[in-house]
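Working notes for the structure below.
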Amino acid sequence: MIVVFVLGYLAIALEHNIHVDKAASALITGTLCWAIYVLGAEGIVDFSAIPHFIKEMFAEEKGITAPLEVTRHYVTEFQILKHLGEIASILFFLMGAMTIVELIDAHEGFSVITNLIKTTNRLKLMWIICVLTFFFSAALDNLTTSIVMVSLLKKLIDDKQDRWLFAGMVVIAANAGGAWSPIGDVTTTMLWIGGQITASAVIVKLIIPSLFAILIPLFILSFKMKGEVKRPLRSSGKEHYTNPTTERERNIVFTAGVLGLLFVPVFKTYTHLPPFMGMMMSLGVLWLITELLHHSKNREARYNLSVIGVLRKVDTASVLFFLGILLAVASLQSAGQLGELANTLDNSIGTDTESGVYSVSLIIGLLSAIVDNVPLVAASMGMYDIDGAVGGLFSQDGLFWEFLAYCAGTGGSALIIGSAAGVAVMGLESISFGWYIRKISLLAVIGYLAGAGVYILQESLFHF
């Protein structure tokens, strides 16, 4: 399984060299990993640990009595369906966010922001985009923010290489902004809901380290950013003049879309339902608004400005790529490789001292760029209980949990497929794996280590 995962990873990284779309490689990798797992499950899974009532349930449902056959095929089926629920919630969230963004774009709603950004200076524009991304990510989440900001970049920058550089920095800024907010990154949210951290403490203690994670790369890049960017020409096709959107329509759709995106974390906080439910609610409301706005227009104009019309523009290949990657990681989690990795780190380094906590969390952060931060954080949460002693390394808001939130949130920026934000940007802009490594990865790692250093210094000086 590990060999297949590594080969699939290489195929994704060498997408442009082998001329095979990354979505195909990801889907083959994900399905092959699960196929190998199910065929060799009796040698991997400890079936003696599976409760007897589960075996009976499978036997009764499938009409099979042989214990090995029941456990081998149907317990793995149970595992994949469990993971599929989590994966589907991410994919529906992604599709909902992309549809809302495309709907705003179809109404030229982003002109509300692009008209306010007058500068074409590369350096000024880079700082504006990264600062906006950092704070939007904390209010929304890093995935939604990256989708919105890439859509904005398409309106602000015409040259593809320039846009890729800005998009790469958006990934770093989105992940850094999400790390210090309880609703900004899925791993921070997991730790918050699990009781390992509190909202107020994670904001106060992680905002400065997270800020350094983007400021240092920005300062380094500032010495190379010179000249002006070329803005793309506005659409001037026939359809643009026959049925243009009015300023009122643009403002209504833009405002409703942004409020809908902001509604998602609020909905999650008060209902504790998965985020995709809030996203679907927002999409439904925006759909209703656009239907009412354009009901009197001719059929063709109404179609182009409707959800049904913009769904054609949603990047389905990116969604399938995401599905393949998440399936592959889920197989390694189910088979136990990721849990063994976490145990190996704990046994070899140890987490009984502050230095051990720092080392393990830093390594987990960098590993999350390869195998996704969610299962690694989930494994860590399963390995350690919350210590009741105030001020302990594993107490609520303890050193381990806070530093893990920072590392898991920002470490994924080291590779473009190391975070949900990176995967979304990769799909939307067709950024190659190799280009990101050459141009962005080193900046991301420097920022990651700088923020970690600030957190360690902060703890040693203030102990707050």
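Each Lys or Arg adds one and each Asp or Glu subtracts one; over the other residues with Cβ under 12 Å from the Cβ of ASP346, this totals -2. Tell me the angle of helix 22-39 to the major Cα principal axis of the chain, expressed in degrees between 0 and 90 and rounded to the nearest ten. With rounding to tens, the tilt is 20 degrees. For the pair VAL6 and MET383, a Förster radius of 25 Å applied to the C-beta separation gives a FRET efficiency near 0.50, rounded to the nearest 0.05. For the pair GLU228 and THR255 in one chain, pulling the backbone fully straight at 0.36 nm per residue adds 6.7 nm over the alpha carbon distance.
Between LEU14 and LEU311, the simple spin-label model (points 7 angstrom out along Cα→Cβ) gives 3.9 nm. FRET efficiency for the pair SER430 and GLU340, taken as 1/(1 + (r/R0)^6) with r the Cβ-Cβ distance and R0 = 45 Å, rounds to 0.80.
Amide H to amide H distances under 5 Å link SER395 with ASP387, where only residues 5 or more positions off or on other chains count and H is placed in the peptide plane. Shown for LEU94, LEU449: other C-beta atoms within 10 Å of each C-beta, ranked fewest to most, produce the order LEU449, LEU94.
Beyond 24 Å in Cα-Cα separation lie the following of the pairs LYS205/LYS226; LYS154/LYS268; LYS154/LYS224; LYS154/LYS313: LYS205/LYS226; LYS154/LYS268. Measure nothing but the geometry: give the 0 to 90° angle between the long axis through the Cα atoms of 199-222 and the longest principal axis through the Cα atoms of the chain, rounded to 10°. Tilt relative to the chain: about 60 degrees. As a rough footprinting exposure proxy, the listed residues VAL266, VAL20 were ranked by other beta carbons within 10 Å of their own, and the order from fewest upward is VAL266, VAL20. Which whole-number percent is the relative contact order of the chain (Cα, under 8 Å, 6+ apart)? It comes to 24 percent, rounded to a whole number.
By other beta-carbon atoms within 10 Å, ranking ASP397, ASP159, ASP385 with the fewest at the front produces ASP385, ASP159, ASP397. The angle between the Cα long axis of helix 420-429 and the main principal axis of the chain comes to about 40°, on a 0 to 90 degree scale. Peptides 427-437, 211-221, 191-201, 146-156 ordered by packing proxy, namely the average of other Cβ atoms within 10 Å per residue, highest first: 146-156, 211-221, 427-437, 191-201. With a/c under 1.5 counting as rounded, go ahead and sort the stretch 90-313 into rounded, prolate or oblate using the C-alpha gyration tensor (a ≥ b ≥ c being the square roots of the eigenvalues; past the cut-off, prolate if a/b is larger than b/c, else oblate). Oblate, because a/c is 1.5 or more while a/b does not exceed b/c. Per-residue ellipticity at 222 nm from helix content only, as computed over the chain with -39500 (n - 2.57) for each DSSP H run of at least four residues, stands at -23000 deg cm²/dmol. Summary of the geometry: the stretch 330-346 and the stretch 419-455, compared by the centres of their Cα atoms, lie 24 Å apart.
A full extension of the chain between SER359 and LEU81 corresponds to an added length of 96.6 nm, given 0.36 nm per residue minus the alpha carbon distance. Rounded to the nearest whole Hz, the Karplus-based 3J(HN,Hα) values (6.51 cos²θ - 1.76 cosθ + 1.60, θ = phi - 60°) of the stretch 248-265 follow the sequence 4, 5, 4, 5, 5, 5, 4, 5, 5, x, 5, 4, x, 5, 5, 5, 4, x, with x at glycine and proline. Label separation (THR271 vs ASN304): 3.4 nm, computed from points 7 Å beyond Cα along the C-beta direction. With a cut-off of 17 Å on the backbone N, the residues of the stretch 304-318 near the modelled label site 7 Å out from ALA24 along Cα-Cβ are 316-318.
Label-to-label distance, VAL112 versus SER460, with points set 7 angstrom from Cα along the beta-carbon direction: 4.7 nm. In order along the stretch 313-320, phi translates into HN-Hα couplings of 8, 5, 6, 5, 4, 5, 5, 5 Hz, rounded to whole numbers, per the Karplus curve 6.51 cos²θ - 1.76 cosθ + 1.60 with θ = phi - 60° and x for Gly and Pro.
Each reported figure results from applying straightforward, stated rules to the coordinates on display, with no laboratory input. Computed from a predicted model, the values in this text were never measured in an experiment. Every residue, glycine among them, receives a Cβ derived from its backbone with ideal geometry; neighbour counts consider all protein chains shown.
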